[in-house]
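The values are calculated or read from the model by the stated rules, or taken from the named source; none is laboratory data. Every value quoted in this text rests on a predicted model; they were computed, and no experiment measured them. A quick note on method: Cβ atoms are made from the backbone with ideal geometry, for glycine too, and the neighbour counts reach across all protein chains shown.
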Amino acid sequence: MLRFLTAGESHGPALVVTIDGVPAGLHIDIDALNAQLRRRQGGYGRGRRMAIESDRVEVLAGVRHGTTTGAPVAFLIRNRDWVNWQQTMYAEADMPEGATGARRADVTRPRPGHADLAGAVKYGHDDIRDVLERASARETAARVAAGSLARQLLARFGIRIASHVSAIGDVMLPEGRAVSFADAESIPEDAPLHCVDAALQQRMIAAIDNARDAGDTVGGAYEFIATGVPVGLGSYVQWDRKLDGRLGQAILCIHAIKAVGIGIGPEAAVRPGSRVHDEILPPRETGLPVRPTNNAGGLEGGVTNGEDIRVAGFMKPISTLMQPLRSVDLASMTGAPAAIERSDVCAVPAAAVVAEARVAFVLGDAFLEKFGGDSIDEIDRHYAASAEQVRRRFAARGTPA
């Protein structure tokens with residue numbers, strides 16, 4: 001089982017992530033991992049925090065001479081902004097001598113749409129900062145670090161992941177516009193919104209500018225695509241082993257994500273079955289049955305079917321508005337505008353990078369579940385044996401057309 005836990009606050013000293021179940025013998029490319037962290041910080045519409053932070057992982061455990069040992073892997077990501085928050089976020093009972101930064105007032109005005117009010121009631125906090133510091137999307141940097149490690153495991157076996165932004169507000173790719181894995185992978189790294197359509201991207205940028213000028217925020221949608229995924233990851237035999245359910249949970253737990261679509265998503269509810277289900281045709285070059293379409297998004301019955309996995313995430317606008325909505329001051333229980341925290345206008349491209357990481361981690365877990373072993377060499381043998389078994393099974397039943 002591949003699993004991870006994170007710890008840390010948005011303005012605390014650092015974020016920490018511990019990843020358990022990583023097999024021994026996996027070479028770790030730290031530069032590639034840090035490149036994924038930089039991607040999470042990019043995208044048009046991000047706030048001032050991204051100009052302060054320059055995320056990099058420090059390896060604390062589980063890696064020796066660049067290779068995993070089989071022990072839990074631990075990464076640390078320092079918060080460079082900590083120097084400005086020590087007087088507000090110190091952990092000791094009394095403020096340490098020499099603590100830097102300003103002492104900020106308690107936060108008592110919850111933001112509609114955020115965890116502020118529900119979290120304060122649940123945990124009994126008077127200062128909402130105890131909620132927002134952990135509920136902040138800053139924590140997703142640790143998830144990206146964990147997912148990037150799983151991504152390197154998957155790449156070892158030819159599985160690749162890419163994403164693209166399909167909508168910002170009501171500006172979206174035309175219905176029926178197909179985006180292939182090659183299209184998504186070829187988007188330039190410096191594309192401000194990581195959209196495959198450069199002209200549409202400019203309209204998306206204008207939508208973000210309009211929201212910023214109005215003191216508002218804007219959401220959107222993205223799609224991730226995983227290619228090279230073998231048949232048979234996941235299972236239909238128990239509800240909690242269905243891979244589409246596991247992927248859905250992984251996406252919905254990302255901050256501000258309110259819906260998930262697999263394959264053609266909600267469109268499957270309004271089409272007749274003849275326009276939903278992907279026909280199965282006789283084998284061709286690979287010796288396996290083929291599909292002319294991929295409406296299912298690579299998943300049938302909770303199991304991968306060999307087609308590209310395609311999953312979309314739908315993100316609401318961020319909760320911090322520069323023209324705040326109405327709220328209540330919990331200190332006096334009187335009406336007041338919601339609190340304003342430093343924030344983004346739009347973070348859809350960043351959410352897509354986080355989604356890639358979460359998908360990589362879930363696929364990595366499912367991959368080890370099917371082909372697992374304690375070391376990369378052992379997994380190599382299991383993977384090769386399984387592929388040969390499938391090849392022989394279909395080769396024995398006729399010559400490909």
- Note on the structure: Taking the stretch 116-132 and keeping only residues that are farther than 13 Å from ALA339 by Cβ and in contact with a helix residue (DSSP H, G or I) (Cβ under 8 Å, 6 or more places away or on another chain), one is left with GLY119, TYR123, HIS125, ASP126, ASP130
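Does the stretch 87-107 contain at least one residue that is charged (D, E, K, R), within 30 Å of GLY298 (Cβ to Cβ) and modelled with pLDDT of 95 or more?
No, because not a single residue in the stretch 87-107 is charged (D, E, K, R), within 30 Å of GLY298 (Cβ to Cβ) and modelled with pLDDT of 95 or more.
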- If you scan the stretch 187-199, which residues turn out to be surrounded by 11 or more Cβ atoms within 10 Å (Cβ to Cβ) and within 20 Å of the chain's Cα centre (by Cα)? ILE187, ALA191, PRO192, LEU193, HIS194, CYS195, VAL196
- Query: Quick check, is VAL231 closer than 28 Å to GLU369 by Cα and part of a loop (DSSP other than H, G, I, E, B)?
  - Reply: yes
- Query: Of all residues in the stretch 32-60 being in a loop (DSSP other than H, G, I, E, B) and not charged (D, E, K, R), which is modelled with the lowest pLDDT?
  - Reply: GLY47
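Give the stretch 221-273 a look and list any residue that's basic (Lys, Arg) and without any contact (Cβ under 8 Å) to a residue 12 or more places away in the chain, or say none. Before the answer, list the steps.
Going residue by residue through the stretch 221-273, those that are basic (Lys, Arg) are 241-242, 246, 258, 271.
Of everything in the stretch 221-273, just one residue is basic (Lys, Arg) and without any contact (Cβ under 8 Å) to a residue 12 or more places away in the chain, namely ARG271.
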- Item | Residues (polar (S, T, N, Q) and within 30 Å of PRO349 (Cβ to Cβ)) located in the stretch 316-333 | SER319, THR320, GLN323, SER327
- (1) under 20 Å from PHE157 (Cβ atoms); (2) of a type outside the set (S, T, N, Q); (3) buried (at least 22 other Cβ atoms within 10 Å of the Cβ) all hold for VAL348 apart from (1)
- Task: Please report, ordered by residue number, the strands (runs of 3 or more DSSP E) entirely within the stretch 276-386 with at least 3 residues that are touching a Gly at 6+ places or on another chain (Cβ under 6 Å) and hydrophobic (A, V, I, L, M, F, W, C).
- Result: 309-315
- Note on the structure: In the stretch 8-31, anything of a type in the set (Gly, Ala, Ser) and assigned to a strand (DSSP E or B) is listed as ALA14, ALA24
- Of ALA221, ALA206, ALA199, which residue is closer than 18 Å to ARG46 by Cβ, part of a helix (DSSP H, G or I) and modelled with pLDDT of 95 or more? ALA206
